[in-house]
Each structure stands twice: as structure tokens, then as C-alpha cells.
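Have a look at the structure below, then the notes.
The values are calculated or read from the model by the stated rules, or taken from the named source; none is laboratory data. All values derive from a computational prediction rather than experimental measurement. Note that we place each Cβ from the backbone using ideal geometry, even for glycine, and neighbour counts take in every protein chain shown. Remember, those area values only see protein heavy atoms, side chains included, never the ligands or the DNA or RNA. Shrake-Rupley method; radii C 1.70, N 1.55, O 1.52, S 1.80 Å.
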Amino acid sequence: MIIHNTYGYGQLFCFSGLEGETSRNDDFVGMLMDDPITIRFHFESTVSLSIPLDKNVAFKAVTGDILDGDNFFVAVADRRTIVGRAPVKPLVFTENESRVVEDGNCLTVVTDFGKTFYLVVEKRGETYYFAFSYDVKNTCVWDDEKLDALREKRLDYFADKPQSPEEKYRKLFTKCLSVNKENVYSPEGMIKCRWTTPDRVPHRFMWIWDSVFHAMAFAEYNIEMAKDSIRAVLGMEREDGFIAHMMSPDGFISEVTQPQVLAWGVWHLYRKSGDKEFLRECAPAIHKFLVWTMKNRDKNGNGLLEWLTEPNYLECKCGESGLDNSPRFDFDIEMDAVDFSTYLCNDAHYLSLIYAELGDEKNAEYFKMVHENVKAKINECLWCEEDGLYYDALFDGSLTKVATPASFFPMLAGICSQAQADKMVKVLLDEKRFWTKTPVPSMPKDSEFYDVDMWRGCSWLNLNYFIILGLRRYGYIDVADELRKRTLDTVYKWYEKTGNIFEFYDADNNICPFNLKRKGEQPPKPDYRVHVHSITDYNWSACFTQLLILNQYV
């Protein structure tokens with residue numbers, strides 16, 4: 001078994017909801033710092049555990065809950081405790097002034113933000129055994145037998161999981177599995193089942209489409225966790241059918257929604273599991289959500305949907321779309337959105353399939369009709385024959401002519417004809433526009449709006465996956481395979497250099513993701529508290545990397 005073993009800044013270190021109880025509202029989540037081994041824990045200010053090993057120390061395993069080498073071992077024991085052994089004495093550092101009390105082998109750190117940490121250290125021969133805990137006063141160090149058993153348990157997690165069919169990607173694949181695992185929370189508050197987050201630092205909330213993407217990856221090896229990822233979202237639905245784009249155990253964090261991909265995800269899980277009860281459980285909530293969307297996001301009543309934008313929020317004018325700072329929304333006016341309408345068309349199709357499988361012909365026919373009507377309106381109102389692309393449209397009927405990866409999304413839902421698909425692929429393969437070293441940039445290279453700032457030009461794995469599905473649907477298998485290869489080559493390149501899987505990547509594959517803009521310039525040294533960088537251990541990037549490595553197309 002080949003395990004990820006590259007130590008580096010930005011990787012998460014925490015207790016998973018797959019192992020037991022966690023708490024989003026009282027979290028003890030660490031992030032690896034540059035020097036091995038330093039783990040920084042994030043509260044109102046930070047507390048760090050440091051095991052000052054030589055910078056050239058070799059790691060045998062680096063996962064979201066263990067750091068393993070020849071003469072050291074560090075592990076997350078539970079949601080509040082780190083245990084381990086090392087040839088050097090561990091230290092504790094705090095960001096702000098703290099009161100430190102040393103009593104025998106126990107160091108107590110009382111922070112200025114009201115949290116207390118305990119470090120217990122016992123030296124046995126040449127080895128230091130330690131336990132570091134948050135708010136657990138009577139923490140004890142573990143002996144070799146218990147530490148070795150925990151090590152085997154953590155590594156056994158990977159033993160029965162799928163493996164990469166390509167040897168090159170085997171460590172990367174276990175890294176993906178680790179990222180999936182560490183971003184799971186246990187039931188808490190209003191969320192009644194296990195749930196997933198994009199990244200426990202800094203996001204820590206639950207999102208709609210992220211959760212579906214996580215479910216698609218979990219479906220390859222843990223179908224019950226996949227179901228919970230979607231159940232958690234549907235369980236938060238408001239009585240009128242609204243689901244917020246961002247949620248926590250305390251309720252909705254926003255009053256905007258997100259792309260409709262729930263029926264698509266549920267149908268995929270059904271194809272994996274054959275669990276018709278899961279279809280029956282999910283269908284009514286998805287039905288209400290799609291109806292709410294059609295009622296509340298079609299202001300001009302033409303059957304196409306408009307994202308709710310926030311013109312005064314300059315760094316994120318359309319969080320609802322998931323494409324926060326895309327130039328598509330620089331117009332500051334309402335428009336029929338090609339991606340929003342495509343998502344509706346696609347999800348209506350899958351909800352129709354779900355109802356047909358359940359024997360509900362009336363609702364199956366209704367959503368089939370929704371699919372056909374939206375498909376017709378997208379072709380009537382959003383297609384530009386001259387450019388060979390779909391665009392957003394203003395309410396006066398004029399097209400915005402802002403090309404983005406969303407311009408290709410109708411291929412995903414089978415909206416376009418083969419002739420239209422042929423035209424779009426010609427645009428996609430233009431090296432001066434979209435066919436970059438790492439396709440597909442979120443803005444074409446020749447656009448006046450192009451930048452290396454998040455959705456203004458960087459490449460994203462979710463968009464690439466959508467486009468790969470569309471290419472395969474219309475017979476462009478070779479192009480889809482090349483897009484898969486270029487995507488994985490980029491993920492692998494920066495994984496090899498940093499040990500991380502990132503939120504987004506440079507379309508030219510030159511700039512390290514740490515140095516790309518994210519709603520503004522980055523500081524010379526990455527530190528998300530100064531300015532959020534392309535996020536590390538990003539869950540949906542890990543999910544799509546998994547699916548692409550396995551050649552799994554939903």
C-alpha cells in the first residue's frame with residue numbers, strides 16, 4: 001500500500017466524523033506549518049504544537065490524522081487530543097500573550113481567548129511520549145502498544161479502498177481519500193447525520209453543490225457516507241423548498257441558494273447502490289427545491305433562471321452561482337444565466353428519471369416537460385450561431401457575449417444538437433482562448449477580463465469535469481481524455497511540490513497555486529489569515545481528482 005508522505009504547509013490535521021464525534025462549533029483543527037513538525041490550531045487566535053525535528057526528516061505517512069516516521073509518530077486520538085512519541089521534546093507556542101503553568105510533566109496554557117490547552121510529556125529512555133489536548137485536563141500519554149495500534153487502525157483505513165490503476169497517481173489517490181475523510185463532521189445541532197465541508201480551515205460550513213460532489217466520490221467506496229452527504233443538505237430544507245447555499249449546525253448562514261445538482265447526485269448514488277428507498281426519501285425535497293427555484297429565480301417569466309447577484313459586494317457579486325467573482329456578473333444587471341438554466345434542465349431530467357423509477361408517472365412527466373421546455377428556451381434565447389457558443393442574455397434579449405466555461409455546459413445536459421456541439425468544440429480547442437496548458441480557464445485567455453484571480457481565469461476541476469462529461473456525451477472521447485490528462489498532470493505537478501490538492505490552478509500551469517490571486521493579491525508567504533490563498537486540502541478538488549483517476553464519469 002502506497003501512502004501519501006509529503007509534509008508541507010497547508011495540510012489539515014484533525015479528527016474525522018467518520019471516526020467519531022466532532023464539533024464544528026467547538027473545533028480543534030490543525031494545519032501543518034512549514035517546519036516539521038509544527039501544527040497550528042485555529043481559534044480566535046492560534047496555538048501551535050511543535051516537535052522540532054530536523055528539516056530533512058523523512059516521513060512514511062502524512063494523512064489528515066497521522067504523521068509517521070522511523071522514530072516519531074503523531075496522531076489525532078479524538079476530537080480534542082493529539083498523542084505521539086518523538087526523539088525531541090514537544091513545545092507549545094501561542095499567538096498572543098498567554099498564561100503558562102508548568103507542574104511536573106504537565107504544561108498548562110491558558111490563552112487570552114478563554115481556551116485552555118494541556119501538554120503532558122514523559123521521557124522514557126531517549127524518547128519523549130506526549131499528549132496535547134484542548135480542554136481535557138487529565139490527558140495521559142499513550143504507551144507504544146496503544147500508539148502502534150492506533151497507527152495500524154489509521155493506515156488500515158486505506159487498505160480496503162480503491163487504488164489508482166496508474167502507478168504514478170497512487171500516492172495522490174491516497175491523498176484524495178485522506179482529504180475526503182478529514183472534511184467529514186459528525187451529526188450536530190440541526191444537521192442530523194454526518195455531513196461534509198469543503199475544507200475545515202477556513203470554510204467550515206456545508207454547501208449544496210460541494211456536498212453533492214463529495215457524495216459522488218464517496219460513492220466509489222462508502223455509499224452510506226455518500227448518502228449522508230446529500231441527506232444532510234436536504235434535511236436543512238425550509239418548508240417552502242428553499243435551501244441556503246451555506247449552512248451550519250445552527251441553521252442557514254445565507255439567504256441565497258446554489259446550483260441545482262441534487263437530483264443528478266441522488267440518481268448517481270442510486271445507480272451505485274440500487275437503493276430505491278433512498279430515491280423515495282430524497283425525491284419530495286428535491287421536487288420542492290426545484291419548484292422554489294423556478295418560482296423565485298425567473299423574474300421575467302420566460303422559463304430561464306437568473307442568479308441573485310449582490311452588486312455592492314465587489315469581491316463576490318454572485319456567491320449564489322458558486323462563481324463568486326466571475327466577470328459575467330460585472331454588468332450589475334439581471335440576466336438569464338446559461339449555467340443556472342442548464343442545471344435546472346439537467347436536474348429536471350434526473351428527477352423525472354427518479355419519479356419514473358418510483359412509478360410516479362405524473363411527476364415523471366411533469367419534470368420531463370420542465371426539462372424539454374428549458375432546453376428549448378436555452379436554444380432559442382442563449383445560443384449564438386455566429387460565435388458557436390451559448391451566452392447569458394440580458395432582459396432585453398441581447399447576449400452578453402462573455403464567454404466562460406459555462407458557455408459549454410449545455411453539452412452536459414444534452415441541450416445542444418451535434419452540429420452545435422461541433423462548433424463549441426472548435427472554440428474549446430482554440431489555444432489562444434480556452435485550450436491552455438491546463439484547460440479550461442474560467443475566462444478565455446484573449447478576454448479583456450482575464451486574470452489569475454479565482455473565477456477570472458484560473459482553472460477549476462468541477463468545471464473541467466462538467467465539460468469532460470459533455471464532450472463524452474457528444475462523442476469527443478479523445479478530447480475528453482486529453483482534458484482529463486492535462487487536468488491530472490497539473491494537480492499532480494503541484495501535489496508533488498507541496499503535498500497539497502488546491503482549490504484552483506493556473507491555466508498556464510506556471511504559477512504555484514499559493515501565489516495565484518484569490519479576490520486580491522497574495523502575500524509573499526502563504527497565510528490564509530492574512531489573505532485566503534487557493535485553499536489547500538480542498539475537498540471537491542480531491543473528489544474530482546479521484547473520479548478522473550478512476551475514469552469514473554457520472
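Within segment 429-514, report the GluC sites (Glu not before Pro) that DSSP leaves as loop and that have at most 14 other Cβ atoms within 10 Å. Please list the in-between numbers first.
Details: sites: Glu431, Glu448, Glu482, Glu496, Glu503; in loops: Glu431, Glu448, Glu503.
Here the GluC sites (Glu not before Pro) that fit, given the DSSP loop and packing criteria, are Glu431, Glu448.
Would you tally the net charge around Asp135, using a Cβ to Cβ cut-off of less than 9 Å, leaving Asp135 out, and scoring K and R as +1, D and E as -1?
+2
Over the chain, what is the mean sequence separation of C-alpha contacts under 8 Å (at least six apart), divided by residue count, expressed as relative contact order in percent?
Working: 1132 pairs, mean separation 61.8, N = 554.
That works out to 11 percent.
Probe radius 1.4 Å, ligands and nucleic acids ignored: give me the carbon and sulfur share of the accessible area of segment 206-356 as a rounded percent.
Percent of accessible area from carbon and sulfur atoms in segment 206-356: 49.
Going highest first, how would you order 377-390, 191-204, 360-373 by mean Cβ packing within 10 Å? Each step should come with its number before you reach the end.
Numbers: 377-390: 17.9, 191-204: 21.4, 360-373: 15.9.
Highest mean packing first, the order is 191-204, 377-390, 360-373.
On average, how much accessible surface per residue is there in segment 399-505, in Å², for a 1.4 Å probe, leaving out ligands, DNA and RNA?
It amounts to 32 Å² per residue over segment 399-505.
Using 1/(1 + (r/R0)^6) with R0 = 56 angstrom and r between the beta carbons of Thr127 and Asn510, what's the FRET efficiency to the nearest 0.05?
0.80
Quick check: the distance between the Cα centres of segment 526-548 and segment 203-268, to the nearest angstrom?
Going from one Cα centre to the other spans 19 Å.
Return the carbon/sulfur percentage of the accessible area of segment 7-91, one whole number, probe 1.4 Å, all protein chains in place.
Here it works out to 42 percent.
What is the sum of charges around Asn5, taking Lys and Arg as +1, Asp and Glu as -1, for the other residues whose C-beta is under 15 Å from the C-beta of Asn5?
Working: positive: Lys60, Arg151, Arg154, Arg170, Lys171, Lys175, Lys497; negative: Asp65, Asp68, Asp70, Glu496.
Here the charged neighbours net out to +3.
Could you work out the relative contact order of segment 227-284? I mean the mean sequence separation of Cα pairs under 8 Å and 6+ apart, divided by the number of residues, in percent.
28
Lysines within cross-link reach of Lys153: Cα-Cα under 24 Å, excluding same-chain residues under 8 positions apart?
Filter leaves Lys60, Lys161, Lys171, Lys175, Lys181.
Tell me the carbon and sulfur percent of the accessible area for segment 472-554, rounded to whole percent, probe radius 1.4 Å.
46
If I stretch the segment between Asn312 and Asp489 completely, what's the gain in nm (0.36 nm per residue apart, minus their alpha carbon distance), one decimal?
Gain on stretching Asn312 to Asp489: 59.9 nm.
Which one is right for this structure if mean projected area of the Cα convex hull in nm² is calculated from it: [x] 29.0; [y] 25.1; [z] 26.6?
The value matching this structure is [y].
If you stretched the chain out fully between Asp446 and Arg238, how much longer would it get, using 0.36 nm times the residue separation minus the C-alpha to C-alpha distance?
70.6 nm
For a quick protection proxy, order the peptides 516-529, 210-223, 284-297, 321-334 by their average other-Cβ count within 10 Å, most packed first.
Those peptides, ordered most packed to least, come out 210-223, 321-334, 284-297, 516-529.
Based on alpha-carbon centroids, what's the gap between segment 1-70 and segment 374-391 in Å, whole number please?
Their Cα centres are 48 Å away from one another.
For the chain, what is the mean residue ellipticity at 222 nm derived from helices alone (per DSSP H run of n ≥ 4: -39500 (n - 2.57); sum divided by total residues; nearest 500 deg cm²/dmol)?
Only helices count here, giving -11000 deg cm²/dmol.
What's the ranking of 450-456, 139-145, 2-8 by average number of surrounding C-beta atoms within 10 Å, highest first?
Result, highest mean Cβ count within 10 Å first: 450-456, 2-8, 139-145.
May I ask you to compute the full-extension gain from Lys60 to Ile333, defined as 0.36 nm times their residue separation minus their alpha-carbon distance, rounded to one decimal in nm?
92.9 nm
How high is the FRET efficiency from His531 to Asn71, r the C-beta distance, R0 35 Å, rounded to 0.05? Walk me through the numbers on the way to the answer.
Working: r = 37 Å, r/R0 = 1.06.
For His531 and Asn71, the calculated efficiency is 0.40.
Per residue, what accessible area does segment 3-59 have, given a 1.4 Å probe and all protein chains present, in Å²?
31
In terms of solvent-accessible area of protein heavy atoms at a 1.4 angstrom probe, what is the ranking of Ser417, Ser16, highest value first?
Ser417, Ser16
Could you work out the equivalent-ellipsoid semi-axes for segment 391-490, taking the square root of 5 times each eigenvalue of the Cα gyration tensor, largest first, in whole Å?
Each semi-axis is the square root of five times an eigenvalue, giving 20, 19, 11 Å.
Tell me, how many Å apart are the Cα centres for segment 322-352 and for segment 408-440?
That distance is 17 Å.
Just to confirm, what accessible area per residue do you get for segment 225-267 at 1.4 Å probe, in whole Å²?
Numbers: 1070 Å² over 43 residues.
Heavy-atom SASA per residue in segment 225-267 reads 25 Å².
Tally Lys and Arg at +1 and Asp and Glu at -1 over the other residues with C-beta under 10 Å from the C-beta of Thr536: what net charge comes out?
-3
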